[in-house]
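Peer 1: Attaching a single structure in structure tokens format; questions to follow.
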Amino acid sequence: MNRLASEIKSTALNMGYEKCGIIKISAMSGYEEKLNERVKRMPETKQFYEKFYRFAHLQDAYPWAKSIVICISEYGKYHVPENLQGLIGKAYLFDSRRDEQSKELQNSLKFEEYMQGMGLKTEAERKFGVTALRWAATKAGLGVARRNNFFYTESGSWIHLEAWLIDKELELIEIPTVKACSEHCNRCVKSCPTASLAQPYTMNPASCISFLTTFGGRDLSHEKCNGQIGGWVYGCDVCQDVCPMNKNRWSGTEEFPALEELSEHISLEKILRMDYAFLEQVIQAKFWYINKEDVWKWKVNAINAMVNNYKEQYKEYIVGACNDSHAKVREMAQWAIKKMNLLV
Ligand code: B12
Ligand code: SF4
Ligand code: SF4
């Protein structure tokens, strides 16, 4: 094993990463095939996945890049506030990508500084990844990609992946020790509420709840699977929660910075009465997939979740939302009143 490669790995592990591997840039070419397969199985995803081909052709944008360092950190160690369970996807509760208070972002910056200190040129894209992270982690042998598409290590799928391009040809590949999915298991596919995960290793982003509650779903009252979104307001964890390979993989023993305090401000009712300044300044800073101009979407998502799991106590909130300052929220509240027959 190259000495620099093993030093990079041991530094990453000492900084708190669960895993670290290094692959040559050429190992990303197989990702193109996976994209082609996805589009072939689901032609409607062609436009969505067009921009991802650049992940397989990194040298077009980074001619100097030779290898990829891929690191994994576990977030299943964090405690999930009970009232946010089933409302907000867990990856977003413990999202360290832009959160300066998080240990993980601090470690990531320190690790990058260390690599640069070793004379390496580096490039990272902390928000959405500089390359296809699951493919890179698969090629580095850090774990396995399962039928729900998620990448698993010994910590289950409750992990965050990160990568850096570097300008030196290095390689450090492990042999994964986690078991494959059992032959007849199909639980993730069967459980997907919107059938976005239509077959193993296949999903349609446009009908995934995670997309519909964040980047997409801007006309939720007309969205054909709005009923299947259930109680989710931001993200979705169903195909991971049901997986037997995630059983007992959430320890939840540590507190994530500032989450407990924030969680006290969040419930379906509180979202509907939430001040727009609070949504823009506090909620948007943490859950940044919905941008500032679109924070009305939180209220629309909350109304949809109320309709899907209706309780009498929601009526006054839905009726109150008919006077919201945003037309999209008023429209959604009217839709809910009609749908639930909440005549006033
Ligand atoms: C685009 C994207 C999305 C989109 C579309 C999702 C998608 N699956 O394409 C949306 C916005 C919907 C989304 C949502 C979420 N995302 Co996202 N997303 C990404 C992103 C940026 C690219 C994914 C991509 O390349 N898709 C294209 C497909 C073709 O590639 P793939 O997903 O990697 O699929 C692989 C496997 O299917 C495997 N494969 C395919 N066929 C076969 C066959 C066999 C036999 C084998 C062995 C393997 C195999 O190879 C593929 C290529 O690597 C990555 C970050 C990154 N840069 O990689 C995060 C990422 C995948 N997302 C992540 C997370 C956590 C989520 C959410 C759970 C958040 C939430 N709680 O709501 C949801 C889950 C939705 C879902 N079911 O996927 C994590 C997943 C971590 C993990 N353990 O795998 C990632 C890796 C981000 C990160 N930094 O950690 N996401
Ligand atoms: S995240 Fe939810 S909606 Fe998306 S594929 Fe998984 S179960 Fe289906
Ligand atoms: S639910 Fe079953 S098939 Fe799906 S990823 Fe988990 S073990 Fe594999």
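The values are calculated or read from the model by the stated rules, or taken from the named source; none is laboratory data. None of the values given here were measured: they were computed from a predicted structure. In this analysis, Cβ positions are derived from the backbone assuming ideal geometry, glycine residues included, and neighbour counts consider all displayed protein chains. To get the accessible areas, we keep the full protein, side chains included, count just its heavy atoms, and leave off ligands, DNA and RNA. Shrake-Rupley method; radii C 1.70, N 1.55, O 1.52, S 1.80 Å.
Peer 1: Please state the relative contact order of the range 70-229 as a whole percent: Cα pairs under 8 Å, 6+ residues apart? Please report the intermediate quantities before stating the final value.
Peer 2: Working: 180 pairs, mean separation 34.1, N = 160.
Once normalised by length, the contact order is 21 percent.
Peer 1: Using +1 at the Cβ of each Lys and Arg and -1 at the Cβ of each Asp and Glu in the chain, identify which of Ala321, Val282, Thr131 lies farthest towards the dipole's positive end.
Peer 2: About the Cα centre, the residue reaching furthest to the positive side is Thr131.
Peer 1: Name the long-range amide H neighbours of Lys19: under 5 Å, sequence gap of 5 or more, or other chain; modelled H, no Pro or chain starts.
Peer 2: Answer set, sorted by chain and number: Ile72.
Peer 1: Using only C-alpha positions, report the orientation-averaged shadow area of the convex hull of the range 3-166, nm², one decimal. Write down the numbers at each step before the final one.
Peer 2: Working: hull surface 42.3 nm².
For the range 3-166, the mean projected area of the Cα convex hull comes to 10.6 nm².
Peer 1: Then there's this: In 20 Å bins starting at 0, how do the alpha-carbon pair distances of the chain split up by percent?
Peer 2: Each 20 Å bin holds this share of Cα pairs: 28, 56, 15, 1.
Peer 1: Something else: In the range 247-317, which trypsin sites (Lys or Arg not before Pro) fall in coil by DSSP and have 15 or fewer other Cβ atoms within 10 Å? Mind showing how you got there, number by number?
Peer 2: Working: sites: Lys247, Arg249, Lys270, Arg273, Lys286, Lys292, Lys297, Lys299, Lys311, Lys315; in loops: Lys247, Arg249, Arg273, Lys311.
Passing both the DSSP loop test and the Cβ count: Lys247, Arg273, Lys311.
Peer 1: Could you grab the relative contact order for the chain? Cα pairs under 8 Å, six or more apart, rounded to a whole percent.
Peer 2: Working: 535 pairs, mean separation 66.7, N = 344.
Relative contact order comes out at 19 percent.
Peer 1: Next question. What angle, in degrees between 0 and 90 and rounded to the nearest 10, separates the Cα long axis of helix 296-308 from the longest principal axis of the Cα atoms of the chain?
Peer 2: In the chain, helix 296-308 runs at an angle near 70 degrees to the longest axis.
Peer 1: Using a 1.4 angstrom probe, figure out how much accessible area the chain has per residue, in square angstrom, rounded to the nearest whole. Each step should come with its number before you reach the end.
Peer 2: Numbers: 16440 Å² over 344 residues.
Spelled out: the 1.4 Å probe surface of the chain, per residue, equals 48 Å².
Peer 1: For a quick check of your reading of the filter: which GluC sites (Glu not before Pro) in the range 73-171 sit in a DSSP loop and have no more than 11 other Cβ atoms within 10 Å? Mind dumping the intermediate values first?
Peer 2: Values: sites: Glu74, Glu82, Glu100, Glu104, Glu112, Glu113, Glu123, Glu125, Glu154, Glu162, Glu169, Glu171; in loops: Glu100, Glu125, Glu154, Glu169, Glu171.
Filter output for the range 73-171: Glu100.
Peer 1: Any idea how far the Cα center of the range 37-86 sits from the one of the range 241-261, in Å?
Peer 2: 22
Peer 1: Which whole-number percent is the relative contact order of the range 3-166 (Cα, under 8 Å, 6+ apart)? All intermediate terms of the calculation are to be shown ahead of the outcome.
Peer 2: Numbers: 211 pairs, mean separation 50.4, N = 164.
So the answer I get is 31 percent.
Peer 1: Expected output is a single nm value to one decimal: the length gained when fully extending between Gln281 and Ala61, i.e. 0.36 nm times separation in residues minus the C-alpha distance. What is it? Can you show the working numbers first?
Peer 2: Values: separation 220, 0.36 × 220 = 79.20 nm, distance 3.44 nm.
Residue separation times 0.36 nm, minus the Cα-Cα distance, leaves 75.8 nm.
Peer 1: A further question on this structure: Label Ala327 and Glu254 with points 7 Å out from Cα along Cα→Cβ: what is the distance between them in nm?
Peer 2: Result for the modelled spin labels: 4.7 nm.
Peer 1: Could you tell me which trypsin sites (Lys or Arg not before Pro) in the range 106-206 are loop residues by DSSP with no more than 12 other beta carbons within 10 angstrom of their beta carbon? Walk me through the numbers on the way to the answer.
Peer 2: Working: sites: Lys110, Lys121, Arg126, Lys127, Arg134, Lys139, Arg146, Arg147, Lys168, Lys179, Arg187, Lys190; in loops: Lys121, Arg126, Lys127, Arg146, Arg147, Lys168, Lys179.
The qualifying sites are Lys127, Lys179.
Peer 1: Oh, and also: For Lys77, list the aspartates and glutamates whose Cα falls under 16 Å from its own Cα; do not include residues on the same chain fewer than 8 positions away.
Peer 2: The reachable aspartates and glutamates, counting only those whose Cα sits under 16 Å from Lys77, are Glu18, Asp95, Glu104, Glu154, Asp241, Glu254, Glu255, Glu260.
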